Amino acid sequence: MQPTVLPVGGATLFCISTDRFKSEYFSLRFTLPLCAKTAQQNALLTAVLGRGTERYPTKLALNRHLDELYSTAISTRNQRIGDMQSIGFSADFLGARYVGGESGLLPEVISTIAELLYRPAREGELLRSDYVESEKNNLRDAIRASINNPRSYALAKCRKLLCGGEPFALSLIGEEETVSDITAATMTARLRALLRDATPTFFYVGSTAPTRVAALITEYFPPFVGTSVPYTAIVKKGTGAPLSGEEEMPLCQGKLSIGFRTDVSLNHRLAPAMLMLNEIYGGSPASKLFLNVRERRSLCYHCSSSVDLYKGVLFANAGMTPENRGITEEAMLEEFAALAAGKITDTEFEAAQRSLDHSYRQIFDNPAVLSDFYAGRALIGNTDTVESFRAAVGAVTKEDVIEAAEHIRKGATFFLKGTLDKEEGEE
């Protein structure tokens with residue numbers, strides 16, 4: 001299943017033509033350099049725009065309109081892809097064959113998203129200040145919530161150590177002390193700059209013909225005059241001595257995050273093997289970290305790993321009593337060393353293969369996930385299809401996994417030390 005790619009008014013449209021889903025999916029994404037000056041404003045901008053349009057000036061009016069479109073859902077997006085930030089809107093709506101007409105709900109969906117960008121709710125020439133202030137409060141809450149989530153906080157701190165000085169280390173929602181400086185004028189200027197300087201990418205999954213989708217975008221969106229920003233990501237193997245950090249927080253548990261760097265990205269021939277490596281190491285309940293460190297040795301409450309091949313980083317995370325920090329970290333690194341030495345049982349390898357194969361088969365069950373698969377790869381110039389990449393993962397050997405391990409180096413460790421004595425049930 002390969003997307004059809006069409007130019008539309010200076011932008012690009014990717015269409016996946018299929019009638020296998022009951023719902024359809026449409027998205028608009030701006031991919032921008034991730035930088036401290038604009039990341040927080042970008043995150044806030046889509047939230048403010050999503051509050052209403054000239055035609056539907058309140059959230060209530062907008063939601064009633066979407067309810068009339070058979071409960072169409074429009075969501076904002078704010079994601080990290082390599083050293084880039086992706087923002088925009090996505091819509092999930094009932095398929096055309098269920099609502100009649102050549103294009104079903106798609107014309108109204110595209111029209112509404114165009115309104116959110118080009119005809120948002122305003123006060124004079126500026127975005128509504130009450131919406132800006134309301135979303136600033138929501139953003140403050142989100143920042144505080146990220147700090148109050150010990151597991152994600154430890155991971156964020158480890159990411160900053162591992163990729164210090166690189167855009168990937170930045171928060172997508174910024175710091176609380178900078179929120180107050182944002183005004184309606186700031187948001188309006190940011191919107192104008194976005195529409196002037198950047199060009200979006202459109203994705204559609206559904207049964208409407210690609211040429212018809214392109215015609216609808218051209219009808220409702222003005223021509224785009226900005227430029228597509230080249231994708232960037234610093235992907236490299238770790239060098240030098242690993243960095244470490246530690247903080248205390250009033251928790252019962254300790255949260256440990258170990259960061260590794262690799263020069264293997266999604267465009268590398270070892271990308272499928274790196275995914276298998278992560279699955280064997282800590283990516284599933286059949287992994288070494290879960291079965292050996294958590295279950296067999298009972299050293300921690302949770303233990304897992306995750307890999308990001310857009311950036312070339314792998315994180316291993318665990319939660320344990322503070323006094324078990326040292327022995328848990330040692331055990332986690334021992335399991336990685338065993339994997340790198342080829343100590344992988346047939347049971348571990350086959351379980352990882354089945355788990356990943358199931359994950360890639362599931363992509364075909366969700367139009368949004370299917371779109372995300374191709375959106376990320378389109379950004380980096382990767383032409384894999386779901387089928388071809390699934391086959392590549394299925395062809396990985398133990399020798400490939402061992403070779404992939406040679407491309408990984410530990411780069412950072414962060415420990416969030418709990419100072420409480422009594423259990424309080426934190427994650």
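Bear in mind that the values in this text are calculations on the coordinates, not laboratory data. Owing to the predicted nature of the structure, the values given are computational and were not obtained by experimental measurement. Quick reminder, even Gly has a Cβ in these numbers, built from the backbone with ideal geometry, and neighbours come from all protein chains shown.
The table below gives the values:
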read-out: Highest-first arrangement of 31-40, 406-415, where packing means the average Cβ count within 10 Å; value: 406-415, 31-40
read-out: Rg over Rh, two decimals, region 348-427 (C-alpha only, Kirkwood Rh); value: 1.14
read-out: Taking Asp357, Asp384 and counting other C-beta atoms within 10 Å, the order from fewest to most; value: Asp357, Asp384
read-out: Interchain or long-range residues, amide H under 5 Å from Gly245's placed H; value: Thr413, Phe414, Phe415
read-out: Calculated SAXS-style log₁₀ I(q)/I(0) at q = 0.09, 0.13, 0.15 Å⁻¹ - region 4-220, Debye, Cα scatterers; value: -0.39, -0.81, -1.03
read-out: Within straight-line cross-link reach of Lys136, lysines at Cα separation under 23 Å, skipping those fewer than 8 residues along the same chain; value: Lys37, Lys59
read-out: Amide H within-cut-off set for Val8, under 5 Å, with H built and near neighbours excluded; value: Leu13
read-out: Placed amide H near Leu126: partners under 5 Å, 5+ positions off or other chain; value: none
read-out: Distance cut-off 20 Å, percentage of C-alpha pairs in region 55-184 lying past it; value: 61 percent
read-out: The chain, helix-only ellipticity at 222 nm - DSSP H runs n ≥ 4, -39,500 (n - 2.57), divided by all residues, nearest 500; value: -12000 deg cm²/dmol
read-out: Residue order, fewest to most surrounding Cβ atoms within 10 angstrom, among Tyr98, Tyr360, Tyr131; value: Tyr98, Tyr360, Tyr131
read-out: Links that overshoot a 18 Å alpha carbon limit, given the list Lys157/Lys288; Lys160/Lys410; Lys236/Lys417; value: Lys157/Lys288; Lys236/Lys417
read-out: Size-normalised alpha-carbon gyration radius of the chain, reference 2.2 N^0.38 Å; value: 1.05
read-out: Mean Kyte hydropathy of -1.0 or more with a Cα span along the axis of at least 20 Å, helices from DSSP in the chain; value: 325-340
read-out: Cα-projected label distance for Glu54 with Ala185, points at 7 Å along beta-carbon direction, nm; value: 2.4 nm
read-out: Using distinct alpha-carbon pairs, which all enter the 1/r mean, Kirkwood radius of region 131-216 in Å; value: 16.4 Å
read-out: Percentage relative contact order, region 200-334, counting C-alpha pairs under 8 Å, at least six apart; value: 24 percent
